[in-house]
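Okay, structure first, notes after.
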Amino acid sequence: MAIKHFSILIFSLFCLSCSQLEQTQSVTDKNVKPNVLFISIDDLRPELGVYGSKIAKTPFIDQIAAGGITFKNAYAQQAICGPSRASVMTGLRPDTLEVTHNYVKFRHKYPDVETIPQHFMKHGYNASFVGKIFHHGDKDSENSWNWPAAFDQLPQDIKRPGRYALDENFQLQKENKKAMFAKYGEQAKYGLGSGPAIEGADVADTAYKDGYHTEVALKTLEQLVEQSDKPFFFGFGMNKPHLPWIAPKKYWDLYNKQDIALAEHSLAPTNAAAMGLHASFELRTFSNVPNFGDLPDDLSLDLKHAYLACISYVDAQIGKVFAKLKALDVLDNTIVIIWSDHGYHLGDKGIWGKASNYEIATRVPLIISTPETRRTGKALSTEALVELIDIYPTLAELANISKPKQAEGLSLTPLITNPDLAWQDSALSQFPTPALREWGAYPLRKGMRETYFGPLIEQVEDKIKQQQKQKWDRELFEQNLMGYSLRTKNHRLIAWLDTKNLSQKAIYIELYDHQVDPHETVNVAEQNPEIVKALVAKLYQRI
């Protein structure tokens, strides 16, 4: 009998010990710092399967989204690469940073601002990147990264690619660049002279930059996992679908040209601000695109085909990196975030490119997958209005590290737990006079009017003068006019303000009713003065 009781006691103690061990293990797991795979994609509007695209083939991103949460209404702070990325990486708005064009360093005002990877390094992480995370020319390598990418570890048969894979296009670009410098001098160095806007050579993925960077990323991830016990923050930056739209032929072959449609709404919105739409300057730097006038339909379809091919090319590279996390047995402790710096007009409203304050340019993909969301086995989504500046505090909270002191965004972790949670009632974006800015959002240099862009500039300027009449002032419209865009559940307000005197009445107001006009085709500001008044007041609270 005593032996029986002793056996029961031993069994009970064993069970208690196991229970305590499980509880300890659970607590330990919560204290383990997760890795972060930080995927940025350049110039990608939400043309993805998970966002309801009827044509884009993106199985790998869709797979990641199936184990995470998709933010259906996420917005960039400014629809151009430099300001958007500076804002994301610091958690500060473009006006706060004073970074509203591509030709200024984000540390010029706040030299000690702490970026996302810096913050993670401060909390014991290794931080590394491949591809485009910060904007070109402002990579912040000496401050934000402490682990070199494995460029020197690739097989000898994988060479660093140039812009084009086909030699005839490389030579064409070389000749065009030379001609532009001969004709326009120093002004040509700001982007004039290129080869074609599209290419689809029958080559391996590594023959183009993103495929090459993927191989570097795979090797770098191996080293981060195998050579250090620290958690990692790894930035994986895809350059496509930024122009030129080049991708291996096999991604072009995923699409039939006859299935691709021209932009459904190809006219400027009725009563829209004339200064709010540009003349597709960036696209017109390429050799196969007209310098003036509308694009032929056949070329437009080719361009859209190329954009889609680039999306699928990028999707495949992301799939390889995600699979690598599994192969390295670290996915179960890795947060994966996918975001784009802004959307993109593909003939929408009559323009090609980013650089506007409209829905098509400001709305972006944002997907977050965590170990917890993947364990649920459910694809989550939320209609909440969120902003890219929310990324910084969100990642900090998900990683159980301190939130950045300077961040102006909100942590999105409550939405990950409860996607239907009531959230902020607006998202704020901005862009300075797109019609009278160069494609990097920089004020028009004097030399631009002397290039083949001169007639385009005159055309858009005349439209502004006709609309604005006595309000026209060249210095104001070229240098100091900012469009501030407020997106609410039902409306988009765009207020054009003089940044030298923000207290003055708006130069022009646009209002679009998303309940009846989701494509923003008619400005109804004059018909809705009370709504405008309320939204302008809200806008001033936010800026």
Checklist outcome for this item: In the range 469-508, anything in a loop (DSSP other than H, G, I, E, B), free of Cβ contacts under 8 Å to residues at least 60 places away in the same chain, out of contact with any helix residue (DSSP H, G or I) (no Cβ under 6 Å at 6 or more places or on another chain) and surrounded by fewer than 17 Cβ atoms within 10 Å (Cβ to Cβ) is listed as 473, 490, 501, 502, 503, 504, 505
Checklist outcome for this item: When (1) assigned to a helix (DSSP H, G or I); (2) touching a strand residue (DSSP E or B) at 6+ places or on another chain (Cβ under 8 Å); (3) open to solvent by 20 Å² or more (accessible area, probe 1.4 Å); (4) not charged (D, E, K, R) are applied to residue 541, the one that fails is (2)
Checklist outcome for this item: Condition set in a loop (DSSP other than H, G, I, E, B) and of a type in the set (Val, Ile, Thr), scope the range 84-128, selection nearest to residue 392 (Cα to Cα): answer is 115
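So which of 466, 459, 406 is within 30 Å of residue 192 (Cα to Cα) and surrounded by 13 or more Cβ atoms within 10 Å (Cβ to Cβ)?
Details: 466 fails: surrounded by 13 or more Cβ atoms within 10 Å (Cβ to Cβ); 406 fails: within 30 Å of residue 192 (Cα to Cα).
So the residue among 466, 459, 406 that is within 30 Å of residue 192 (Cα to Cα) and surrounded by 13 or more Cβ atoms within 10 Å (Cβ to Cβ) is 459.
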Item to check | Matching residues, the range 414-433, being part of a helix (DSSP H, G or I) and in contact with a strand residue (DSSP E or B) (Cβ under 6 Å, 6 or more places away or on another chain) | outcome: 415, 416
Next on the checklist: Any residue at all in the range 509-532 that's at pLDDT below 95, more than 12 Å from residue 273 (Cβ to Cβ) and either in a strand (DSSP E or B) or not acidic (Asp, Glu) (or both)?
Outcome noted: no
Item to check | Of all residues in the range 317-336 being under 20 Å from residue 213 (Cα atoms) and not in a helix (DSSP H, G or I), the one that is least open to solvent (accessible area, probe 1.4 Å) | outcome: 336
Checklist outcome for this item: In the range 188-214, residues that are at pLDDT 95 or above, out of contact with any strand residue (DSSP E or B) (no Cβ under 9 Å at 6 or more places or on another chain) and open to solvent by 20 Å² or more (accessible area, probe 1.4 Å) total 5
Checklist outcome for this item: Of (1) assigned to a loop (DSSP other than H, G, I, E, B); (2) surrounded by 24 or more Cβ atoms within 10 Å (Cβ to Cβ), residue 55 fails just (2)
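One residue is enough: does the range 248-270 have a residue meeting the conditions among the hydroxyl-bearing types (Ser, Thr, Tyr) and open to solvent by less than 40 Å² (accessible area, probe 1.4 Å)? Break it down into steps so the answer makes sense when it comes.
Of the residues in the range 248-270, the ones among the hydroxyl-bearing types (Ser, Thr, Tyr) are 251, 255, 266, 270.
Going one step further and asking which of them are open to solvent by less than 40 Å² (accessible area, probe 1.4 Å), we end up with 251, 255.
Yes: the range 248-270 contains one or more residues that are among the hydroxyl-bearing types (Ser, Thr, Tyr) and open to solvent by less than 40 Å² (accessible area, probe 1.4 Å).
If you go through the range 276-290, how many residues are in contact with a Ser or Thr (Cβ under 9 Å, 6 or more places away or on another chain) and farther than 21 Å from residue 433 by Cα? Let's see the steps before the verdict.
Of all residues in the range 276-290, those in contact with a Ser or Thr (Cβ under 9 Å, 6 or more places away or on another chain) come to 276-278, 285-287, 289.
Narrowing the set further to residues that are farther than 21 Å from residue 433 by Cα leaves 286-287, 289.
Residues in the range 276-290 being in contact with a Ser or Thr (Cβ under 9 Å, 6 or more places away or on another chain) and farther than 21 Å from residue 433 by Cα: 3 in total.
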Checklist outcome for this item: Inside the range 358-378, the number of residues satisfying the requirement of being more than 15 Å from the chain's Cα centre (by Cα) and either among the charged types (D, E, K, R) or open to solvent by 10 Å² or more (accessible area, probe 1.4 Å) (or both) is 7
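Which ones in the range 509-518 are over 16 Å from residue 433 (Cα atoms) and open to solvent by less than 90 Å² (accessible area, probe 1.4 Å)?
Kept after step one, since they are over 16 Å from residue 433 (Cα atoms), are these residues of the range 509-518: 511-518.
Listed by number, the residues that qualify are 511, 512, 513, 514, 517, 518.
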Item to check | residue 466 being more than 23 Å from residue 80 (Cα to Cα) and without any contact (Cβ under 8 Å) to a residue 60 or more places away in the chain | outcome: no
Checklist entry - Consider residue 411 against the criteria (1) open to solvent by less than 10 Å² (accessible area, probe 1.4 Å); (2) not in a helix (DSSP H, G or I): it satisfies all of them except one. Which criterion is unmet? => result (1)
Next on the checklist: Could you go through the range 23-38 and let me know if any residue there is outside any helix (DSSP H, G or I), modelled with pLDDT of 95 or more, of a type in the set (Val, Ile, Thr) and within 24 Å of residue 305 (Cα to Cα).
Outcome noted: no
Item to check | Residue check for residue 263: among the hydrophobic types (A, V, I, L, M, F, W, C) and more than 30 Å from residue 510 (Cβ to Cβ) | outcome: no
Checklist outcome for this item: Note: among 522, 532, just one is open to solvent by 30 Å² or more (accessible area, probe 1.4 Å) and either touching a strand residue (DSSP E or B) at 6+ places or on another chain (Cβ under 8 Å) or touching a residue at least 60 places away in the same chain (Cβ under 8 Å) (or both), namely 522
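With the requirement that a residue be among the β-branched types (Val, Ile, Thr) and open to solvent by less than 10 Å² (accessible area, probe 1.4 Å), what does the range 414-436 give you? If you could, list the steps in order and put the result at the bottom.
At the first step, the residues of the range 414-436 found to be among the β-branched types (Val, Ile, Thr) are 416-417, 433.
Listed by number, the list holds a single entry, 433.
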Checklist outcome for this item: Scanning the range 434-467 residue by residue, those among the aliphatic types (A, V, I, L, M) and in a helix (DSSP H, G or I) turn out to be 435, 436, 448, 456, 457, 460, 464
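Would a scan of the range 286-301 turn up a residue that is closer than 30 Å to residue 512 by Cα and polar (S, T, N, Q)? Give the steps one after another, and end with the answer.
Narrowing the range 286-301 to residues closer than 30 Å to residue 512 by Cα: 292-297, 300-301.
The next check asks that each one be polar (S, T, N, Q); those that pass are 300.
Within the range 286-301, one or more residues are closer than 30 Å to residue 512 by Cα and polar (S, T, N, Q).
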Next on the checklist: Considering only the range 253-275, I want to know if a residue exists there that is touching a His at 6+ places or on another chain (Cβ under 7 Å), under 25 Å from residue 162 (Cα atoms), part of a helix (DSSP H, G or I) and touching a residue at least 24 places away in the same chain (Cβ under 8 Å).
Outcome noted: no
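From the residues in the range 196-221 that are in a helix (DSSP H, G or I) and hydrophobic (A, V, I, L, M, F, W, C), which one is nearest to the chain's Cα centre (by Cα)?
Just the residues of the range 196-221 that are in a helix (DSSP H, G or I), to begin with: 205-207, 209-221.
With hydrophobic (A, V, I, L, M, F, W, C) added as a condition, the list becomes 207, 216-218, 221.
Working: 207: 24, 216: 22, 217: 19, 218: 22, 221: 23 Å.
Per the criteria, the residue is 217.
Which ones in the range 149-158 are part of a loop (DSSP other than H, G, I, E, B) and either under 24 Å from the mean Cα position of the chain (by Cα) or in contact (Cβ under 8 Å) with a residue 40 or more places away in the chain (or both)?
149, 150, 154, 158
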Item to check | Selection count where residues are surrounded by 19 or more Cβ atoms within 10 Å (Cβ to Cβ), acidic (Asp, Glu) and within 30 Å of residue 268 (Cβ to Cβ), scope the range 278-316 | outcome: 2
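The values are calculated or read from the model by the stated rules, or taken from the named source; none is laboratory data. What you see is a predicted model; the values in this text were computed from it and never measured. Cβ sites come from the backbone with ideal geometry, for glycine too, and all protein chains shown count toward neighbours. Heavy atoms of the whole protein, side chains included, go into the accessibility calculation; ligands, DNA and RNA do not. Shrake-Rupley method; radii C 1.70, N 1.55, O 1.52, S 1.80 Å.
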